[in-house]
């Protein structure tokens, strides 16, 4: 059903690791550690700056993958994987984009389910990879039927 | 503080138990992450979706679990963080965060990590590879 979008990518979008957004995010996961929020602690750290929590990339805009239209409701988040070359530094600019890595269908307890593997990338402005995020999204039979209408 | 380096395989970081999950926790996470899927904040929408009530964002729990490693960023960083979402987190659930060192190489510490509920069931489970600076 979604096999035709495998390999498609979004156009990169420039994002900033915003200080205020990092603080708000750290607070929302109960992790207001000074390495994320206190400028003085950041300056004295080995990063010479504050850093962002590892799951912060949820905040970024990755652009739109053409022809990938997913319903806003009914998707199940199955797995999530982050890989980092180094932590994200507060204030830095990064280019973000997303790619459909794979799609397949399997018969399960509740009918035919779709598995969508999305991979997101964050690179510095010179094109060096900083992080990737891989997400397995499960599309249940009920949602698949709605999508096919 | 150089504690992670001193940890031996089979040893764990100190568990952290969170306050019971509140609606405000999830509203805050929705705002901070931009994930406004209403099954996490609005009862009617959750019930319409066939759920017993609102449930936490899986990423909220995953975000919380990573904080076990926050005190150690002078020693290294989380290079890989992989999670499988196994169970729902509901309002008033009491979540405990755990990390156990599975093995270590020169530069990498491999942890098994999990968050479990008050019944002892793992709601998320996975691995962290912590890369140490030289």
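The values are calculated or read from the model by the stated rules, or taken from the named source; none is laboratory data. Owing to the predicted nature of the structure, the values given are computational and were not obtained by experimental measurement. Positions of Cβ are generated from backbone atoms using ideal geometry, with glycine treated the same way; all protein chains shown enter the neighbour counts.
Things to note:
- Residue list for the range B:27-50, restricted to those being facing chain A (nearest Cβ under 9 Å), touching a helix residue (DSSP H, G or I) at 6+ places or on another chain (Cβ under 6 Å) and more than 19 Å from residue A:60 (Cα to Cα): B:38, B:39, B:45, B:49
- Screening residue A:82 with (1) crowded, with 17+ Cβ neighbours inside 10 Å; (2) touching a residue at least 60 places away in the same chain (Cβ under 8 Å); (3) part of a strand (DSSP E or B) gives one miss only, at (2).
- Taken as a whole, the structure places residue B:30 among residues that are modelled with pLDDT of 95 or more, more than 20 Å from residue B:94 (Cβ to Cβ) and surrounded by 12 or more Cβ atoms within 10 Å (Cβ to Cβ).
- Residue in the range A:22-42 that is in contact (Cβ under 8 Å) with a residue 60 or more places away in the chain, more than 11 Å from every other protein chain (Cβ to nearest Cβ) and farther than 30 Å from residue A:105 by Cβ present: no
- Qualifying positions in the range A:124-149 - modelled with pLDDT of 95 or more and more than 13 Å from the chain's Cα centre (by Cα): A:124, A:125, A:126, A:127, A:128, A:129
- Each residue in the range A:17-53 was checked for being over 22 Å from residue B:19 (Cβ atoms) and in contact with a strand residue (DSSP E or B) (Cβ under 9 Å, 6 or more places away or on another chain), and 11 pass.
- Residue ID - nearest to the other protein chains (Cβ to nearest Cβ), chosen from residues in the range B:51-88 that are surrounded by fewer than 20 Cβ atoms within 10 Å (Cβ to Cβ) and more than 30 Å from residue A:41 (Cα to Cα): B:84
- Test for residue B:99: is it more than 19 Å from residue A:27 (Cα to Cα) and under 13 Å from the mean Cα position of the chain (by Cα): yes
- All told, residue B:123 meets the bar of being within 13 Å of chain A (Cβ to nearest Cβ), at pLDDT 95 or above and either in contact with a strand residue (DSSP E or B) (Cβ under 7 Å, 6 or more places away or on another chain) or crowded, with 18+ Cβ neighbours inside 10 Å (or both).
- Count of residues meeting criterion [within 24 Å of residue B:47 (Cα to Cα) and either in a strand (DSSP E or B) or touching a helix residue (DSSP H, G or I) at 6+ places or on another chain (Cβ under 9 Å) (or both)] in the range A:85-114: 6
- In the range A:60-76, the count of residues that are part of a strand (DSSP E or B), touching a residue at least 40 places away in the same chain (Cβ under 8 Å), touching a helix residue (DSSP H, G or I) at 6+ places or on another chain (Cβ under 6 Å) and facing another protein chain (nearest Cβ under 10 Å) is zero.
- Search result, residues across the range B:15-26 that are part of a helix (DSSP H, G or I) and in contact with a helix residue (DSSP H, G or I) (Cβ under 8 Å, 6 or more places away or on another chain): B:25, B:26
- Residue in the range A:95-116 that is within 12 Å of chain B (Cβ to nearest Cβ) and surrounded by 13 or more Cβ atoms within 10 Å (Cβ to Cβ) present: no
- Enumeration of residues in the range A:20-56 that are surrounded by fewer than 20 Cβ atoms within 10 Å (Cβ to Cβ), assigned to a helix (DSSP H, G or I) and touching a helix residue (DSSP H, G or I) at 6+ places or on another chain (Cβ under 9 Å): A:21, A:23, A:24, A:27, A:34, A:37, A:39, A:40, A:41
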